[in-house]
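Structure first, then comments.
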Amino acid sequence: MRGDNHVLLETSTRRLHHSTDLVEVLDPTLVARRISQLAATATMMRSTVGGGDEQQDRDQTALPEITPGKVSHVLIDPIAARCFALRSRFADAAPGMVRVRVHPDPLHRIILFDDRYAVVPLAGVGLGGGGLLLRHPLTTPWLHLFTQLWANSRRFPPTFHENSGLTAREQQVASLLVRGATDHQVASRLGVSARTVRTVVSGLQQRYGTNSRMALGFRLAGCGVLSPDGTPAGTAGP
């Protein structure tokens with residue numbers, strides 16, 4: 001029995017050592033650098049981009065998937081699809097090099113480099129808290145997952161440079177709230193009821209996946225819908 005236990009211990013140790021060779025823990029300071037290194041040598045990248053995490057909005061400004069000369073399949077969720085800055089990045093990509101589809105459900109961040117490497121979040125939905133770098137064959141389940149998600153997605157609209165998707169009333173309400181106005185102040189300024197203002201805000205929070213007005217303001221600014229001063233993106237403040 002002792003000999004069997006010794007063999008089992010040796011086998012477990014070898015497996016653990018093999019597993020650590022296949023997994024690398026990336027702290028937040030290393031994630032961007034390792035992703036950049038992997039992107040430089042990959043010929044095909046597949047990735048998911050979700051908009052449900054505040055850190056994710058910042059991650060979207062440096063997507064390695066949208067790189068000249070790289071073939072990429074990018075799967076985004078509905079919140080990320082409304083991010084005007086992200087849409088502009090897709091529009092600037094070389095035609096035919098980047099294919100984009102939208103999945104109906106919220107997505108966690110996954111980046112696949114060929115079938116050799118995968119980077120996934122260590123915690124949460126984005127890579128702001130660090131990540132795991134997986135090597136083949138641990139990449140296989142993630143590649144299968146991406147393939148299934150891709151098959152259940154729809155084509156991203158071909159017209160990227162369109163407006164924010166906010167109605168004139170939604171943009172008016174959002175602009176005033178970002179500047180610190182209360183519901184009653186917004187209602188008085190726009191000549192509507194406070195209930196109307198609350199209805200508009202509730203609809204925006206649901207659409208952009210936030211649960212506070214401050215988070216909504218950050219999300220609208222991060223997606224390029226509003227400037228940090230609350231004015232519509234691309235216009236000068238008062």
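The values are calculated or read from the model by the stated rules, or taken from the named source; none is laboratory data. Just so you know, these numbers come straight off a predicted model, no measurement behind them. Methodologically, a virtual Cβ is constructed for each residue, glycine included, from the backbone with ideal geometry; neighbour enumeration extends over all protein chains shown. Heavy atoms of the whole protein, side chains included, go into the accessibility calculation; ligands, DNA and RNA do not. Shrake-Rupley method; radii C 1.70, N 1.55, O 1.52, S 1.80 Å.
Descriptive notes on the structure:
- Exposure ranking of Glu24, Glu65 by accessible area [1.4 Å probe, largest first]: Glu24, Glu65
- On the beta carbon distance between Ala123 and Thr41, with R0 = 25 Å, the FRET formula returns roughly 0.40.
- In the complete set of protein chains, residue-level accessible area for Leu149 is approximately 30 Å², probe 1.4 angstrom.
- To the nearest 10, the accessible area of Asp27 is 70 Å² with a 1.4 Å probe.
- For the stretch 67-146, pairs of C-alpha atoms spaced more than 21 angstrom apart make up 34 percent of the total.
- Probe 1.4 Å - accessible area at His184, Å² to nearest ten: 140
- For the stretch 99-160, dividing the convex hull volume of the Cα atoms by the residue count gives 98 Å³ per residue.
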